[in-house]
Amino acid sequence: MNVGILALQGAFAEHGAMLDRLETEHFEIRQRKDLERAFDALILPGGESTAISKLLRDLDLLEPLAEKIKNGLPVFGTCAGLILLAEKVEGGVPCFGIMDISAKRNAYGRQLGSFHAEAEFDDLGMIPMTFIRAPYIQSAGSKAKVLAEVDGHIVAARQDKMLVTAFHPELTDNLAIHEYFLNLVED
Ligand code: GLN
């Protein structure tokens with residue numbers, strides 16, 4: 001398996017380090033010609049969704065990636081990556097607009113919005129979760145399945161082969177969420 005990691009801005013290197021630990025091949029997507037490589041899954045990292053969104057457009061990556069995701073390319077979006085995939089964005093503009101969720105940007109406040117929590121994640125048990133100026137999912141439509149909630153707010157969901165987390169599993173040393181994604185890719 002080979003995973004493409006969008007590497008325009010934000011915490012992309014940390015995802016690569018997680019995949020190294022899981023002995024999974026990966027490469028960085030920085031420009032259009034990187035899409036000539038074959039890949040089986042895509043990671044959209046955390047960072048600043050407005051900046052990533054602008055770069056996706058400027059570099060002509062938005063349309064080809066949207067096409068691949070619509071055609072079933074498995075995708076894992078963390079934090080800003082969640083915002084990029086959401087059909088509706090409160091406090092922002094949809095980017096791929098592909099997943100049946102409504103995301104609220106900077107949902108915990110802009111400055112003091114970083115915190116750590118532990119919560120149940122689907123059938124994995126308790127998972128450590130690091131939030132940095134995170135969004136949460138205000139509502140998930142019927143196509144999406146809620147996977148985790150913290151303080152009554154949805155912080156992870158999946159829809160077909162799309163997985164999103166409001167938190168940053170790549171910033172903890174728990175590999176469970178990346179493993180969960182790789183299982184979803186292989187399913
Ligand atoms: N607040 C950022 C945004 O709106 C997301 C933060 C993150 O990815 N850690 O894009």
Value of D in µm² per second that Stokes-Einstein yields for segment 23-127, Kirkwood Rh from Cα pairs, at 25 °C (0.890 mPa s): 162
How large is ³J(HN,Hα), in whole Hz, for each residue of segment 7-14 in order, when computed from phi with the Karplus curve 6.51 cos²θ - 1.76 cosθ + 1.60 and θ = phi - 60°, using x for Gly and Pro? 10, 8, 6, x, 8, 7, 4, 5
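Just how many % of Cα pairs in segment 79-161 lie over 21 Å apart, if you round to the nearest whole percent?
Everything past 21 Å amounts to 24 percent.
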How would you rank HIS26, HIS153, HIS116, going from fewest to most other Cβ atoms within 10 Å of each one's own Cβ? HIS116, HIS153, HIS26
If packing is taken as the average count of other Cβ atoms within 10 Å, what order do 7-19, 135-147 fall into, highest mean first? 7-19, 135-147
Which FRET efficiency value, to the nearest 0.05, do you get for GLN31 and GLU90 by plugging their Cβ-Cβ distance into 1/(1 + (r/R0)^6) with R0 = 30 Å? 0.45
Among DSSP beta bridges lying fully in the chain, give the percent that are antiparallel, nearest 5. 50
Tally of Lys pairs whose C-alpha atoms are under 21 Å apart, taken over the chain, 8 or more apart or cross-chain: 22
Connecting every pair of Cα atoms under 10 Å apart in the chain and solving the GNM, the largest mean-square fluctuation among THR78, THR165, THR24 falls on THR24
ALA103 long-range amide H proximity, modeled H, under 5 Å: LYS88, VAL89, GLU90, GLN138
Picking from ASN2, VAL93, PHE12, whose Cα lies most toward the positive end of the charge dipole for the chain (charges on Cβ: Lys, Arg +1; Asp, Glu -1)? VAL93
Quick one: which residues, 5 or more positions from HIS26 or on another chain, have an amide H under 5 Å from its amide H? H modelled 1.01 Å from N in the peptide plane, none for Pro or chain starts. VAL3
Write down the Å³ per residue value for the convex hull defined by the alpha carbon atoms of segment 28-78. 76
If each residue of separation counts as 0.36 nm, what is the full-extension length gain between GLU23 and MET1 once their alpha-carbon separation is subtracted? 6.9 nm
Tell me, rounded to the nearest percent, the portion of alpha carbon pairs in the chain spaced more than 27 Å apart. 17
Can you tell me, using C-alpha contacts under 8 Å and at least 6 residues apart, the relative contact order of the chain as a whole percent? 18
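Values in this text are rule-based calculations from the coordinates and carry no lab data. These figures come from a predicted structure and were not determined experimentally. Virtual Cβ from ideal backbone geometry, glycine too; neighbours counted across all protein chains shown.
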